[in-house]
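What follows is a set of notes on a single structure, which appears directly below.
The values are calculated or read from the model by the stated rules, or taken from the named source; none is laboratory data. All values derive from a computational prediction rather than experimental measurement. Here Cβ is always computed from backbone atoms with ideal geometry, including for glycine, and neighbour counts include all displayed protein chains. We work out accessible area using only protein heavy atoms, side chains counted, and drop any ligands, DNA or RNA first. Shrake-Rupley method; radii C 1.70, N 1.55, O 1.52, S 1.80 Å.
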Amino acid sequence: MTRFVLDVTRSISRAGRGAPTGIDRVETAYIDELARRDPGALAFARVRRDSYVTVPLAAVAEVARRLRKPEPIAPPALSQRMRLRATPAQRGAATWLARNALGQGATPAAALATVGAQEYVNVGHTNLNDAVMAAVRPALITVMVHDLIPITHPQYTRAGVTERFAGRMTATATHADRVIANSHATARDVERIFPAFGRTPPVSVAHLGVEASALRHAPAPPGEFICLGTIEPRKNHAVLLDAWQRLSEIGTPPPLLFAGRRGWRNREVFARLDARPQGVTEDATLSDAALWPRLAAARALLFPSRVEGYGLPALEAAQIGLPVLATDLPVFRELLGPWATYLPPDDPAAWARGVSDIAKIPLGVRGSSRSGIEQPPIPRWHSHFRHVFGED
């Protein structure tokens, strides 16, 4: 009997949409690991509102990384060409899934009718609804909760997101046999909020893995400060723009790179960026391969977020010895401990001072800003999966 059926709807929906988000990376890691653990594992996905498929997970693992690229993995079928709002990569992915399907239909139950699996795993925050969860029974249902930000901080989400997300969490509370939280901070939110949804499933914590890197921090010209992530309100880019304005008033500020695409509800920040403030650049196109050398040569990673579910970039920075300046959030304290310098989210002067202190260290002097401070433990995927699924 097949052990796992993994929901890969998020990976399909993100086809051709550029650099992967943190949740995208997690789903990719699960695709690889569950295909390795169970050669007969299956992937389940919703490809349109009324179209669901089940395919061998090993086949998805072979093409998962190609889904990030704009080129489609297959020529789109005629029925897919009519999806005008879908990217070419999404149309090609849907066509590929249909051609490789072991089961497909207009409902989750139809696509899963011939599937027998011991455990349904969903780590993408998609397809969390009564229809899917009823269709996968009697399999054990495991759901990863990355954060509850749309509920705890609705002011940072787009219109309608909070209501849809609450519906997903209600279905999770009703059906899930266990919830995997990516941090103790997230687990506390689950245990605090889920009673309002009628039930709190058993919750376990498994820190997300960070892939090992051979890079080491070695500051070099231009010695940038880097802020990673979508330019959206909760990421709080505004405090950095204010800090750089202060720095520009007393001299030439160090270079600051915003690496991430523009998001939503952030017109004021976009307008300030369009005015090209001194020392500040943005780039939404950097691939992982292009970004890693920039991080290794950077002065520090800046993480001024008002709320976060985890913070993979901060752990990746700490892994190579890169200093981190971050807001004082429980999840950062949990993951980074004393490695990070913690600053208030609404104090540009404090951020300007923190940046100035690091900028005074001569380029090429490695690690002096972290003198006497040990790097935090870096979680790995093998320990994450061992904790979630046991030894294989």
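Here PHE389 meets each of (1) hydrophobic (A, V, I, L, M, F, W, C); (2) over 30 Å from GLU119 (Cβ atoms); (3) buried (at least 17 other Cβ atoms within 10 Å of the Cβ) with one exception, condition (2). Residues that are over 28 Å from TRP264 (Cα atoms), modelled with pLDDT under 95 and part of a loop (DSSP other than H, G, I, E, B): does region 225-244 have at least one? No: zero hits.
Residues in region 100-128 that are within 14 Å of ASP7 (Cβ to Cβ), of a type in the set (Ser, Thr, Tyr) and part of a loop (DSSP other than H, G, I, E, B): THR126 alone. For region 33-46, taking the residues that are within 21 Å of the chain's Cα centre (by Cα), part of a strand (DSSP E or B) and not basic (Lys, Arg), the one that is nearest to GLU62 (Cα to Cα) is identified as ALA43.
Scanning region 176-222 for residues that are farther than 28 Å from ILE378 by Cβ, open to solvent by 40 Å² or more (accessible area, probe 1.4 Å) and either touching a strand residue (DSSP E or B) at 6+ places or on another chain (Cβ under 7 Å) or among the aromatic types (Phe, Trp, Tyr) (or both) yields ASP177, PHE197. For region 292-320, taking the residues that are in a helix (DSSP H, G or I) and more than 16 Å from the chain's Cα centre (by Cα), the one that is surrounded by the most Cβ atoms within 10 Å (Cβ to Cβ) is identified as ALA318.
Contact map, region 107-123: first residue closer than 28 Å to ASN182 by Cα and in contact (Cβ under 8 Å) with a residue 40 or more places away in the chain, second residue of a type in the set (D, E, K, R) and not in a loop (DSSP other than H, G, I, E, B), Cβ cut-off under 6 Å, separation 6 or more or different chains; pairs are GLN118/ARG3; ASN122/ASP7; VAL123/GLU27. Scanning region 117-134 for residues that are closer than 17 Å to PHE385 by Cβ and surrounded by fewer than 23 Cβ atoms within 10 Å (Cβ to Cβ) yields GLN118, GLU119. Within region 157-173, none of the residues are at pLDDT 95 or above, outside any helix (DSSP H, G or I) and surrounded by 15 or more Cβ atoms within 10 Å (Cβ to Cβ).
When restricted to residues that are open to solvent by less than 20 Å² (accessible area, probe 1.4 Å) and over 16 Å from the mean Cα position of the chain (by Cα), region 8-32 contains 0.
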